[in-house]
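J.: Once you've had a glance at the structure underneath, I'll fire off some questions.
The values are calculated or read from the model by the stated rules, or taken from the named source; none is laboratory data. Every value quoted in this text rests on a predicted model; they were computed, and no experiment measured them. Here Cβ is always computed from backbone atoms with ideal geometry, including for glycine, and neighbour counts include all displayed protein chains. Heads up: the accessible areas ignore ligands, DNA and RNA and are worked out on the full protein's heavy atoms, side chains in. Shrake-Rupley method; radii C 1.70, N 1.55, O 1.52, S 1.80 Å.
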Amino acid sequence: MLLSLKNLQKNYPGFSLDVSMEVEEGQITGLIGANGAGKSTTFKVILGLVHPDAGEIRLFNKDMEQISQKEKADIGATLSDSGFSNCLTVKQIVHILTETYEKFDREMFEKRCSLFSIPMDKKLKEFSTGMKAKLKVLTATSFDARLLVLDEPTAGLDVIARDSILELLREYMETEGRSILISSHISSDLESLCDDIYMIDKGRIVLHENTDVLLDEYGLIKADEKQYELLDKQHILKVKKEQYGYSCLTDERAFYAENYPQLAIERGSVDNVITMMIKGEVL
Amino acid sequence: MKGMFVKDMEIMRGNMKTFIGVYIIAIFCFLSTSAGPSFLISYVSVLAAVMALNTIASDDMDNGMPYIFTFPISRKEYVKEKYLLGAGMVTVLWAVAVAIAIGVNASGYRMVSWEELIASAAVGLFLAVFANAVVFPIQLKYGSSTGRLVLLVLVFGIMAVGWIGVELCQKMKVDFSGLKNLGLRIWNLGIPVCLAMLFVLMLLMVLISCTISIKIMEKKEY
């Protein structure tokens, strides 16, 4: 286990975070939730930017307090709202990274910057949002970190750039012993990348599921009033009243497809699962 | 910590043209006006302190601080690096200013007594160290923009308290002759002892300031 959070708590006026989650070695774990659900706070606690009020964080099988600065160099991070000073150029950043990380691969970093059309001599203040986002991910993957903690790494990127970044992350995972914890608003990114997904709402984890299971076995049943009444509800997780009747989230899509062939059943997706988990009601 | 030093050097390199311009103006003023060595040394030393302080403002700009702390550097190390940078910048540029003042004095272009030169050098260094010791914790606690406001309030507050104090002392006819005698007695101990005392005072100021800054940073959340 590269990272585990056990009842990690942080309280602010009007908001409290209480999460437990794990990131396994060799896995990409996604954290998804609406704005203000607690994703960034969770990431900040993991990175030591915010002090937790209670709970346990274990990193590389050690308590967080025992993590040395050398071991901290095994974490690569991107934050959605923070980065290098805008008055620096990439050339200067290369110099800084060389002196900060023992395992910084300068040649690979420069090659990738060129591949992603990132200018070396321009100041960051002249960069577009997309260029800055790319630079953050390239930086986090440049020093052989064992764990990447990526908060909204694809925000502000166009489809092509997003795809390249996701490809870069897949390539990063080809080396054994690495893991990624990633958050994104773009659910399709997580669906195609993550091995498992945590859903967070109002500071609490509302669902943890393997991505393949979520996509293959979950489903959204759309039933009118009559169909809903006749429905076997033992595998229904959440129900939401709609204009046409009810939408029901199930983790046994095959069961309903087989026994109720007349029902409209959508395949599971991160979007409809999270919507139902947050807005739906338990029977 | 080395990476942080490099970062700060790179940030300062970006502002180098402005700083060099300001230094040239200071040297020009010193050579072409009646400004004495105390002006040159104090000006250059305090500006060196400002250069170091400016790196905190750059780190803080555009919410850059959280990203810095994802690097393998503890908050304690960050603070230590800033104080070391401040001390280094002030020492080097103060030494350059003192060397210029000594050169000008030795050339006979404009003579002041060596005692005055030594006193000017000591005061210049003290002012720069004092500036760093006071402003570092304020800037780290409040950030660069609010920090400037807090500093302004603090300076005016001290001035107001000082003025009220003087007025009150005059009205109450407080006798300061004891304090004057103490100053004279210290001066009579000789220049080396005075300098050593000043050095210890500066060291204490920096140590107290650094301890406060570390506590501020360790409590801070991003």
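J.: With the requirement that a residue be facing chain A (nearest Cβ under 7 Å) and either polar (S, T, N, Q) or under 21 Å from the mean Cα position of the chain (by Cα) (or both), what does region B:60-77 give you? So that I can check it myself, show each step before the final result.
T.: Of region B:60-77, the ones facing chain A (nearest Cβ under 7 Å) are B:61-64, B:66-67, B:69-74.
Residues satisfying the conditions are B:63, B:70, B:74.
J.: Wholly within region A:175-228, which strands (runs of 3 or more DSSP E) include no fewer than the required count, namely at least 1 residues that are crowded, with 19+ Cβ neighbours inside 10 Å and touching a Lys or Arg at 6+ places or on another chain (Cβ under 9 Å)?
T.: Values: elements: A:179-183, A:196-201, A:204-210, A:219-223.
Because the criterion is at least 1 residues that are crowded, with 19+ Cβ neighbours inside 10 Å and touching a Lys or Arg at 6+ places or on another chain (Cβ under 9 Å), the strands (runs of 3 or more DSSP E) in region A:175-228 that meet it are A:179-183, A:196-201, A:219-223.
J.: Regarding residue A:170, is this residue surrounded by 15 or more Cβ atoms within 10 Å (Cβ to Cβ) and either modelled with pLDDT of 95 or more or out of contact with any strand residue (DSSP E or B) (no Cβ under 8 Å at 6 or more places or on another chain) (or both)?
T.: no
J.: Name the residues in region A:64-75 that are facing chain B (nearest Cβ under 8 Å) and of a type in the set (Gly, Ala, Ser), would you?
T.: A:73, the sole residue that qualifies.
J.: So, one more: Looking at B:184, B:207, which one is of a type outside the set (D, E, K, R), under 18 Å from residue B:132 (Cα atoms) and open to solvent by 100 Å² or more (accessible area, probe 1.4 Å)?
T.: Every option except B:207 fails the conditions.
J.: Quickly run through region B:88-118 and pick out the residues that are open to solvent by less than 40 Å² (accessible area, probe 1.4 Å), under 14 Å from residue B:36 (Cα atoms) and among the aliphatic types (A, V, I, L, M).
T.: Those that are open to solvent by less than 40 Å² (accessible area, probe 1.4 Å), under 14 Å from residue B:36 (Cα atoms) and among the aliphatic types (A, V, I, L, M): B:97, B:98, B:101, B:104, B:112, B:117.
J.: Do we find a residue being aromatic (Phe, Trp, Tyr), surrounded by fewer than 21 Cβ atoms within 10 Å (Cβ to Cβ) and within 10 Å of chain B (Cβ to nearest Cβ) anywhere in region A:103-112?
T.: yes
J.: When region B:6-23 is examined, which residues are found to be modelled with pLDDT of 90 or more and within 19 Å of the chain's Cα centre (by Cα)?
T.: Listed by number, the residues that qualify are B:8, B:9.
J.: Looking only at region B:31-59, how many residues end up being of a type in the set (S, T, N, Q) and facing chain A (nearest Cβ under 9 Å)?
T.: Matching residues across region B:31-59 total 1.
J.: I'm trying to understand the selection: among the residues of region A:255-277, which are open to solvent by less than 30 Å² (accessible area, probe 1.4 Å) and not hydroxyl-bearing (Ser, Thr, Tyr)?
T.: Across region A:255-277, the qualifying residues are A:263, A:268, A:270, A:272, A:273, A:274, A:276, A:277.
J.: Filter region A:33-74 down to the residues that are assigned to a strand (DSSP E or B) and either of a type in the set (Lys, Arg) or open to solvent by 10 Å² or more (accessible area, probe 1.4 Å) (or both) and list them by number.
T.: Correct list: A:54, A:55, A:56, A:57, A:58, A:62, A:63.
J.: From the list B:101, B:128, B:87, which residue is among the aliphatic types (A, V, I, L, M), touching a residue at least 24 places away in the same chain (Cβ under 8 Å) and over 30 Å from residue B:214 (Cα atoms)? Spell out how you get there, then give the answer.
T.: Details: B:128 fails: over 30 Å from residue B:214 (Cα atoms); B:87 fails: over 30 Å from residue B:214 (Cα atoms).
Of B:101, B:128, B:87, the one residue that is among the aliphatic types (A, V, I, L, M), touching a residue at least 24 places away in the same chain (Cβ under 8 Å) and over 30 Å from residue B:214 (Cα atoms) is B:101.
J.: State yes or no: is residue A:20 surrounded by fewer than 22 Cβ atoms within 10 Å (Cβ to Cβ) and in contact (Cβ under 8 Å) with a residue 60 or more places away in the chain?
T.: Values: surrounded by fewer than 22 Cβ atoms within 10 Å (Cβ to Cβ): yes; in contact (Cβ under 8 Å) with a residue 60 or more places away in the chain: yes.
So residue A:20 passes the test.
J.: Further, regarding this structure: Tell me, please, whether a residue that is without any contact (Cβ under 8 Å) to a residue 12 or more places away in the chain and under 30 Å from residue B:5 (Cα atoms) can be found in region A:165-175.
T.: No, every residue in region A:165-175 fails to be without any contact (Cβ under 8 Å) to a residue 12 or more places away in the chain and under 30 Å from residue B:5 (Cα atoms).
J.: Among the residues of region B:1-12, which ones are more than 8 Å from chain A (Cβ to nearest Cβ) and loosely packed, with under 14 Cβ neighbours inside 10 Å?
T.: none
J.: Just to check your reading of the model, which residue among A:155, A:161, A:145 is of a type in the set (A, V, I, L, M, F, W, C) and closer than 27 Å to residue A:102 by Cβ?
T.: Only one candidate qualifies: A:145.
J.: Same structure again: Considering only residues that are among the aliphatic types (A, V, I, L, M) and in contact with an Asp or Glu (Cβ under 8 Å, 6 or more places away or on another chain), look in region A:65-92 and name the one that is farthest from residue A:124 (Cα to Cα).
T.: A:73
J.: Considering region B:156-175 alone, what residues qualify as being exposed (fewer than 10 other Cβ atoms within 10 Å of the Cβ) and assigned to a loop (DSSP other than H, G, I, E, B)?
T.: Selection gives B:172, B:173, B:175.
J.: With in contact (Cβ under 8 Å) with a residue 40 or more places away in the chain and more than 16 Å from the chain's Cα centre (by Cα) as the only criterion, which of A:233, A:226, A:241 stands out?
T.: A:233
J.: Additional query: For region B:188-199: of the residues being open to solvent by 80 Å² or more (accessible area, probe 1.4 Å) and part of a helix (DSSP H, G or I), which is farthest from residue B:125 (Cα to Cα)?
T.: So, considering only residues that are open to solvent by 80 Å² or more (accessible area, probe 1.4 Å) and part of a helix (DSSP H, G or I), the one farthest from residue B:125 (Cα to Cα) is B:188.
J.: So which residues in region A:76-90 are in contact (Cβ under 8 Å) with a residue 40 or more places away in the chain, more than 7 Å from every other protein chain (Cβ to nearest Cβ) and outside any loop (DSSP other than H, G, I, E, B), if there are any at all?
T.: A:76, A:78, A:90
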